[in-house]
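**Student:** Mind looking over this structure? Questions follow.
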Amino acid sequence: MTDPLRSSDGPRAQGDLERCRAGDRAALERVLRAELPALERHIGGLIGPDRDLDDLVQRTLVRAVRAFPKFRGEAPVRLWLARIATNVVIDHLRTPQRRREVPLRLVVDSSQTPAAEPSAERVVDARARLRRVFHHLDRLSPKNRTAFILHVIEGRPVHEVAALMKTSQVTTRSRVFLARRSLRAWAHRDPALRDLFEVGGDR
Amino acid sequence: MTRLSCWKAADAIERRDHLADAERLELETHLEGCARCAEYATLVASVRAAAAAEPPRQLTPPRRERLIDRALSGAADAPREARPRGRSLGWIAAGVAATAVVATVLLWAPRPTAPSPPRPARVASSDPAPPAQTEPAPPAAPSQLAAGVGARFGRATVRAIEPATVRWDDRAETLYLTAGVIDVDVEPGDRRFAVATERFTVEVLGTRFVVSATEVRVERGAVRVLGPDGTPRVDRLAAGHAWSESRPRAEAPAAPPRVEPPAPSVRRRLARARRLLAASRLDDARAQIDAALRAGPSRRERAEAETLLGDHARVAGRPAEAIERYLRVGRAYDDLAEGDNASFSAARLRMRHGPPAAGRALLEEYLARYPEGRFRDEAARRLRSAGDPR
């Protein structure tokens, strides 16, 4: 059997997979250390700009270490870890307390939002806009939210999103559709995002 | 060519990077005639650009090593969750708005003084600064405090006056209060301490006082005055009070001394200006921007202030002036994100208010100056919509 420990980071030492499966600490350290930056980016992209990264990375690593003995290496390690991380984030978002919480600054921002007037214009920088969109995304179910972020914001094809979320492409499209429908309605009514929608005036 | 439905158009918008030319043309045709889908295309492009512009979330190398070590040592999630300094997302709960959320805070945080005057009376200095932490502890899970129960968070002792739910974020040095009433006693120190509720944040400011050879006057916080042998002369001299060695006991002045708050920073002025513009308070916004420019801003802050002048002109209904200001920022600060934003704002505004040819010219200038700009996709799309085959 060829060494299936494939990763976009380049070739690994021969037999690293077997050693990881056997629980070899040095091999696991090598692999995890190499994959952590990509994992952080993946989790960071899913949770948005205002959530804490540490704990979710920690949980992902713990799950990965426990699951390594069963990892056959058919998929690249990076993608395998991304799937674990995706499930960790979804489980985390399901926690009732997480879903009730909103960041203080967004609560303050909404109180600063002026009453909607056709002539009023706001200065909204890109980062505040992203936060605002994530604020709306947080209102979605965790799976719909995750599917939307992976497919629409990160631009991953549907089949890859389906693989990451361990579901079918049909289900993935359905989740994206439901998320899109809600987000469009909320964004359209949000004065903080209104300056985006000047297309009508330009035409 | 088939007519694209809105459903398929949305799907195409989301797969934009993977469309074949024919699909792009179909989408273009659909967007020209469907404002709703065009709106969605703008939203997706903007969010993608903003997400791409976000600095990547990265942990520090020591933090990574610690997480790997913990994972390999079999540290489970459960014990971390139980510890008060385990985890917090730094968020506050909105779902408990029905619960009364009131925080009473007692602040007494004397700071280390400058060298004290060579007279018998001296002002008690604060405790030594806490030892520097190499890495802050992870934020905590929420803690429930029963009435009368106290707990330690950071450099504060917190006692619940009514049953309270709190969460400590060591990184932000902030205690989030989501329910109940707490009494907070903050020790002296250099680290920040704040208590945040859903509606406001209370931040410890520290102590400010004026000392001469014979007198001490407290303007903020409170201090203790000791004799040369260490015995207290005044146990607690609060804000608005003064003590003089010639006077046998502390006396309150007839009127509290006027305390001039420190001048707000440039960043704070610019943030205020932005909020005032959003509320259409143009004169106040302009005053803040002018004050920020006088306060010696950094180059980036100056770019932001000059962009806000453009925003000011735009909100005031002077698009020509706004365009001119944006263009100046775009050309003078083309190495900064502010320059990118301002250039695109100029082009977008010109498309709305000026002759179409001028608008196209500015979009082309934007794409030439910022080929990797955050709004390159939207600029290209607008050029196509305006009849440019780009």
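Values in this text are rule-based calculations from the coordinates and carry no lab data. Treat the numbers as computed from the prediction; the structure is a model and nothing was measured. As a convention, Cβ positions derive from the backbone with ideal geometry for all residues, glycine included, and neighbour counts pool all protein chains shown.
**Student:** How many partner chain Cβ atoms sit within 10 Å of a residue's Cβ in peptide B:53-66, on average, as a whole number?
**Tutor:** Details: counts 3, 7, 3, 6, 14, 6, 9, 0, 2, 0, 5, 8, 3, 2.
For peptide B:53-66, the averaged partner shielding equals 5.
**Student:** Next question. How much length, in nm to one decimal, is gained on full extension between B:Glu162 and B:Arg281, taken as 0.36 nm per residue of separation minus their Cα-Cα distance? Can you show the working numbers first?
**Tutor:** Details: separation 119, 0.36 × 119 = 42.84 nm, distance 4.07 nm.
Gain on extension, B:Glu162 to B:Arg281, equals 38.8 nm.
**Student:** With a 10 Å radius around each residue's Cβ, average the other Cβ atoms per peptide and rank B:160-173, B:13-26, A:68-81, highest first.
**Tutor:** Working: B:160-173: 20.0, B:13-26: 13.8, A:68-81: 16.1.
My ranking of the peptides, most packed first, is B:160-173, A:68-81, B:13-26.
**Student:** Let me ask you something else. For peptide B:33-46, compute the average count of partner chain beta-carbon atoms within 10 Å of each residue's beta-carbon. Please list the in-between numbers first.
**Tutor:** Numbers: counts 1, 0, 4, 5, 2, 5, 8, 8, 1, 7, 11, 7, 1, 8.
Across B:33-46, the average partner-chain Cβ count within 10 Å equals 5.
**Student:** Run the paramagnetic zone check for B:Arg331: 7 angstrom along Cα to Cβ, then residues of the stretch B:305-323 with backbone nitrogen under 15 Å.
**Tutor:** Within reach of a label on B:Arg331: B:321-323.
**Student:** Please compute the average number of Cβ atoms from other chains found within 10 Å of each residue's Cβ in peptide B:305-318. Before the final figure, lay out each step's value.
**Tutor:** Numbers: counts 0, 0, 2, 1, 0, 1, 3, 1, 0, 2, 5, 0, 2, 0.
Mean shielding by partner chains, rounded to a whole number: 1.
**Student:** Hey, another quick one. What FRET efficiency would be calculated for the residue pair B:Glu364, A:Thr167, taking the C-beta separation as r and a Förster radius of 56 Å, to the nearest 0.05? If you can, show how the numbers build up before the last one.
**Tutor:** Details: r = 44 Å, r/R0 = 0.79.
Calculated value: 0.80.
**Student:** Among the lysines, which fall within straight-line cross-link reach of A:Lys70, defined as a Cα-Cα distance under 22 Å, with same-chain neighbours fewer than 8 residues apart omitted?
**Tutor:** A:Lys166
**Student:** Same structure, new question: If you wrap a convex hull around the Cα atoms of the stretch B:313-390, how much volume per residue is inside, in Å³?
**Tutor:** On the way: hull volume 5.9 nm³, N = 78.
For the stretch B:313-390, the hull spanned by Cα atoms encloses 76 Å³ per residue.
**Student:** What spacing in nm lies between the two simple spin-label points modelled at A:Arg189 and A:Ala75, each 7 Å away from Cα in the Cβ direction?
**Tutor:** Distance between label points: 3.7 nm.
**Student:** A follow-up question, please. Taking the highest mean first, how do the peptides A:174-183, B:49-58 order by number of other beta carbon atoms within 10 angstrom per residue? Before the final figure, lay out the partial values.
**Tutor:** Working: A:174-183: 19.3, B:49-58: 15.1.
The packing order, highest mean first, is A:174-183, B:49-58.
**Student:** Another question about this same structure. Once each part is reduced to its C-alpha centroid, what is the distance from the stretch B:329-360 to the stretch A:147-173 in angstrom?
**Tutor:** Taking the Cα centre of each part, the stretch B:329-360 and the stretch A:147-173 sit 36 Å apart.
**Student:** Using mean Cβ contacts within 10 Å as the protection proxy, how do B:232-239, B:38-45 order, highest first?
**Tutor:** Values: B:232-239: 16.1, B:38-45: 22.1.
Per-residue Cβ counts within 10 Å, averaged per peptide and sorted highest first, yield B:38-45, B:232-239.
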